[in-house]
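Undergrad: One structure, as structure tokens, below. Some questions next.
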Amino acid sequence: MKKFLVTALMVTAILGTSVTVSAAPKTMSDGTIFDAEYYAATYPDVAQALGTDEAALYQHYVSFGKAEGRKPCADNYVSQDTIDAANAKHNYYKNLTAEQAAAADAVAKQIADSIMANKAYTTDLQRVNAAAVTVATQCSQLPYGSDSAKWYRSPYGVFVGGVYTCAGSTRALGRVLDYMGYSWEHVNENKNSHQWCIVTMDGQKGFADGMGGFAGYGDMVSGMTINGMTIYFPS
């Protein structure tokens, strides 16, 4: 049955106009995020029948692939609209250049992709905690303090610039969470107090600390950073 359906779509593709597969996922007219390159690579039986014609591949997904449990894009894909909304909300790179922002984002995305691809992590908490540990480990190798360029307050300071504060570690972790598909809130933003992320995990409110290197359900609890610094939280 599946072979017949693919064959029928192949005829449609031959009659239609050939379109080069897009290198990036696209939002289709029905709102579905579809990555033709991913779909062809993940399902070689479909690609063998239809080639790399984007329209034909998407038609297969709509007509048959969705019902068969095939995925239109990678699990960890996050749309540019989501990233743009996070940029506007968190103002990560105030006073930094586009090149500096891109350099920091590349590191954040690499961390996010690695975590989301790790099959050992089966819960949101495990994934978010892994992100917090990764950011805190990086921070533990850097000096804590401010700099005249104000890199310390941004993901750039943690990932590229070599300086951080709790504000920077929070935004660095938050940027990784953006690329993992999690929305988050910044606790004590722009205050002279310890800062961290509030994030929903596994349907529950929780917290994640980019300086301490830990995450959990519920409200923040006191703890220590990876390099042994005690963190005190307001009651």
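Undergrad: Sort 164-170, 103-109, 80-86 by the packing proxy (mean of other Cβ within 10 Å over each peptide's residues), most packed first.
TA: Values: 164-170: 27.1, 103-109: 19.1, 80-86: 13.1.
In descending order of packing, they fall as 164-170, 103-109, 80-86.
Undergrad: Give me Val199, Val160 ranked fewest to most by other Cβ atoms within 10 Å of their Cβ, as a rough exposure proxy.
TA: Values: Val199 24, Val160 17.
Ascending number of Cβ neighbours within 10 Å: Val160, Val199.
Undergrad: Fewest Cβ neighbours within 10 Å first, please rank Arg70, Arg171 accordingly. If you can, show how the numbers build up before the last one.
TA: On the way: Arg70 14, Arg171 30.
Placing the least packed residue first, the sequence is Arg70, Arg171.
Undergrad: Further question on the same structure: Taking θ as phi - 60°, what are the ³J(HN,Hα) couplings along the stretch 134-150 by the Karplus curve (6.51, -1.76, 1.60), each to the nearest whole Hz, with x for Gly and Pro?
TA: Residue by residue, the stretch 134-150 yields 4, 5, 5, 4, 5, 4, 5, 9, 10, x, 8, x, 9, 9, 5, 7, 6 Hz.
Undergrad: Order 201-208, 33-40 from most to least packed using the mean count of other Cβ atoms within 10 Å. Can you show the working numbers first?
TA: Working: 201-208: 17.2, 33-40: 20.4.
For the peptides 201-208, 33-40, the packing ranking is 33-40, 201-208.
Undergrad: Put a dot 7 Å past each Cα toward the Cβ at Gln204 and Asn188; how far apart are the dots in nm?
TA: Taking the simple label geometry, Asn188 and Gln204 are separated by 2.3 nm.
Undergrad: Related question: Would you calculate the separation in nanometres between label points at Lys94 and Gln110, each defined as 7 Å from the Cα along the Cα-to-beta-carbon direction?
TA: About 2.8 nm, to one decimal.
Undergrad: Moving on to the next point. Take the Cα atoms of the stretch 80-231, build their convex hull, and give its volume per residue in Å³. Before the final figure, lay out the partial values.
TA: Values: hull volume 15.7 nm³, N = 152.
Cα convex hull per residue, to the nearest whole number: 103 Å³.
Undergrad: Through the Karplus equation 6.51 cos²θ - 1.76 cosθ + 1.60, θ set to phi - 60°, convert the phi angles of the stretch 120-129 into ³J(HN,Hα) values in whole Hz; use x for Gly and Pro.
TA: These are the phi-based 3J(HN,Hα) values: 6, 8, 10, 10, 4, 4, 4, 5, 5, 4 Hz.
Undergrad: Oh, and also: At 7 Å along the Cα-to-beta-carbon direction for both Asp30 and Tyr121, put a label point, then send me their distance in nm to one decimal.
TA: 3.1
Undergrad: Order of Thr122, Thr27 from fewest to most other C-beta atoms within 10 Å?
TA: On the way: Thr122 9, Thr27 12.
So the ranking, lowest neighbour count to highest, is Thr122, Thr27.
Undergrad: Then there is this: Taking amide hydrogens as modeled 1.01 Å from N in the peptide plane, which residues meet the under 5 Å criterion relative to Lys26, leaving out close sequence neighbours?
TA: Here Phe34, Asp35, Ala36 satisfy the definition.
Undergrad: From the mean inverse distance of alpha carbon pairs (Kirkwood) and the Cα radius of gyration, derive Rg over Rh for the stretch 121-182. Let's see the in-between values first.
TA: Details: Rg = 11.8 Å, Rh = 11.6 Å.
Value, to two decimals: 1.02.
Undergrad: Let me ask another. What does the charge add up to near Arg153, with Lys and Arg as +1, Asp and Glu as -1, over the other residues with Cβ less than 14 Å from its Cβ?
TA: Values: positive: Lys94, Lys150, Arg171, Arg175, Lys191; negative: Asp147, Glu189.
After counting each charged neighbour, the total is +3.
Every number here is computed from the coordinates shown, using simple stated rules; none is lab data. Small disclaimer: the values here were computed from a predicted structure and weren't measured. Here Cβ is always computed from backbone atoms with ideal geometry, including for glycine, and neighbour counts include all displayed protein chains.
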